[in-house]
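Only one structure is covered here, and it is reproduced in the block below.
The values are calculated or read from the model by the stated rules, or taken from the named source; none is laboratory data. Quantities reported herein were computed from a predicted structural model and do not represent experimental measurements. With ideal geometry, Cβ positions are generated from the backbone for all residues, glycine too; neighbour counts draw on all protein chains shown. SASA here: full protein model, heavy atoms, side chains in, ligands and nucleic acids out. Shrake-Rupley method; radii C 1.70, N 1.55, O 1.52, S 1.80 Å.
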Amino acid sequence: MEIFLESFDINKLIDEVEATIHPLAAKKSNKLIISCPPDSGLMEADETRVRQMLHNLLSNACKFTENGTVTLKVTRATHEGIDWITFDIIDTGIGIPQDSLKNLFLEFSQVDNSSTRKFGGTGLGLAISRRFCLMMGGDIIVESVDGKGSIFTIEMPVKVVPKATLRRRASDRS
């Protein structure tokens, strides 16, 4: 897999993602909330891959949430002299059991067979999304409470460096 770096407007990308995801949220009677500062600025990364990661995580959130809330929260901050962008995908869905979290990003891995039958999927979306994120110097982390919902966090540098040698930062979550 390769990445193609280009400069793009974060707010425009988020508007496009929202337009694509809104029907998926409505299909399960979910409220879609987008929290993105109007001055989020530009990002230099693979726009197609970033869009793909956001679409995958948001569509998963919509798929596993019914009559709930799916939120995309975008924040930009500087850590150790590097500008970072964080995309939090927060849902009030079914959550993920703690013992299933360790295998969540493995290819063809799914929480359990009953979920696969009920919700469908191949178990590739999260693995591919995390690989894209790692290729751009970032990572995806997850927090979840079974029966309460999940938070998937994409953290990546605002300016991706080819053959990224950036040290990934540990999440500031507590």
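Go through the stretch 47-70 and count every residue that is in a strand (DSSP E or B) and surrounded by fewer than 19 Cβ atoms within 10 Å (Cβ to Cβ). Final tally of qualifying residues: 1. If only residues of the stretch 130-165 that are more than 16 Å from the chain's Cα centre (by Cα) and surrounded by fewer than 16 Cβ atoms within 10 Å (Cβ to Cβ) are counted, the one that is modelled with the lowest pLDDT is T165. Can you find a residue in the stretch 115-129 that is at pLDDT 90 or above and of a type outside the set (A, V, I, L, M)? Looking for residues that are at pLDDT 90 or above and of a type outside the set (A, V, I, L, M), one finds at least one in the stretch 115-129, hence yes. Note on the stretch 18-42: among residues that are part of a loop (DSSP other than H, G, I, E, B) and not hydroxyl-bearing (S, T, Y), the one that is surrounded by the most Cβ atoms within 10 Å (Cβ to Cβ) is N30. So the check is Cβ under 6 Å with 6+ separation or different chains; which pairs have a first residue in the stretch 34-47 that's within 26 Å of M135 (Cα to Cα) and a second one that's assigned to a helix (DSSP H, G or I) and open to solvent by less than 50 Å² (accessible area, probe 1.4 Å)? Every condition considered, the pairs that remain are C36/I14; S40/I10; S40/N11; M43/I10.
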